[in-house]
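Since the structure comes first, as structure tokens, the remarks are kept for the end.
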């Protein structure tokens with residue numbers, strides 16, 4: 001039994017939480033989690049392999065899809081060690097430095113996912129609204145610069161607040177409410193002035209998530225305007241169909257994220273199971289569903305995937 005009121009100092013260890021009330025069946029609960037991780041990692045590796053090996057997929061849209069797959073894998077791998085460690089070995093304790101490291105990668109890859117989706121929205125805007133100059137605008141060098149900008153933009157924002165956490169004193173509970181470390185989950189346990197972390201966290205939400213979501217909305221406003229100007233119904237459907245996969249990916253990321261934020265702010269006293277379920281959906285579902293959606297909705301990916309699954313035909317030898 002964890003004593004949630006035991007005092008801990010600056011060299012703190014935290015205790016993660018599995019599924020409260022279901023500790024006796026954690027081994028069975030680990031089965032669907034393992035399946036989600038395997039499907040997510042294998043699916044995204046397959047997408048990356050197809051884009052790398054098939055030269056017909058060496059186009060801007062698929063380069064951005066490769067970025068999305070990399071961030072999805074990063075999100076999965078960031079949470080995988082502690083979640084399975086809890087379910088398999090009942091190992092709840094995590095050192096503060098390991099917790100901060102996990103926190104950094106989880107939040108960084110989440111920000112990268114949002115930034116990649118914004119880049120993909122601009123890609124769809126360029127393809128539909130300015131198709132004649134699409135190839136000349138989105139060159140391989142341009143995409144490389146966009147990818148580098150996303151990495152720098154998202155990887156440098158969090159150390160400002162994460163490096164403050166080891167200086168905090170944690171004099172009350174040190175039991176976290178999730179199977180992995182989240183910034184908002186850790187700072188609520190601190191017996192210190194956390195106002196800077198709260199204000200800076202709000203800045204990150206507004207300046208990163210807010211700008212990304214606004215950019216995506218503006219892109220689709222221009223796309224919709226361009227589509228409505230297309231005379232034929234077939235042309236309208238074809239243009240919108242090229243955006244279907246991206247729209248699904250945006251919804252898969254933003255709907256759980258908004259739901260989790262609403263639960264944290266307006267339903268603090270709701271069941272812990274609800275908080276844990278929302279957090280798991282937010283971090284585990286996008287890496288699983290994105291490869292599936294793009295495999296189903298994108299013709300080139302679907303055809304390439306079917307060729308991988310189809311056994312080679314053996315021709316008849318003539319004697």
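Along the Cα→Cβ direction, 7 angstrom out, place labels at residue 251 and residue 309. What is the inter-label distance in nm?
So the two model labels end up 2.3 nm from each other.
Counting only C-alpha contacts under 8 Å and six or more residues apart, can you give the relative contact order of the range 135-214 as a whole percent?
About 26 percent, as a whole number.
For the chain, set up a GNM with springs between Cα atoms under 10 Å and report which of 202, 111, 84 has the largest fluctuation.
202
Can you tell me, using C-alpha contacts under 8 Å and at least 6 residues apart, the relative contact order of the range 14-297 as a whole percent?
For the range 14-297, the relative contact order is 29 percent.
So, in Å, what gap is there between the alpha-carbon centers of the range 13-36 and the range 115-149?
41 Å
Relative contact order of the range 10-145: what whole-number percent is it, with Cα pairs under 8 angstrom and at least 6 residues apart?
Rounded, it is 35 percent for the range 10-145.
At a Förster distance of 41 Å, what's the computed FRET efficiency of residue 237 paired with residue 152, Cβ-Cβ distance as r, to 0.05?
After rounding to 0.05, the efficiency reads 0.60.
Taking only DSSP H segments of four or more residues, each worth -39500 (n - 2.57), what value at 222 nm results for the chain once the sum is divided by all its residues, to the nearest 500 deg cm²/dmol?
Calculated at 222 nm, the ellipticity per residue is -23000 deg cm²/dmol.
Using a 10 angstrom cutoff on alpha carbons, build the Gaussian network for the chain and name the most mobile of 43, 259, 235.
Comparing 43, 259, 235 in the GNM, the peak value goes to 235.
Where in the range 134-171 is the amide nitrogen less than 12 Å from a point lying 7 Å along the Cα-to-Cβ axis of residue 56?
No residue passes the distance filter.
With springs only between Cα atoms under 10 Å, which of 25, 42, 250 fluctuates most in a Gaussian network model of the chain?
25
For residue 263 paired with residue 38, estimate the spin-label separation in nm (one decimal), with each label point 7 Å from Cα along the Cα-to-Cβ line.
In this crude spin-label approximation the distance works out to 2.6 nm.
Taken together, the values in this text are just the output of simple stated rules run on the coordinates, not laboratory data. Keep in mind the model is a prediction, meaning the values are calculated, not measured. Every residue, glycine among them, receives a Cβ derived from its backbone with ideal geometry; neighbour counts consider all protein chains shown.
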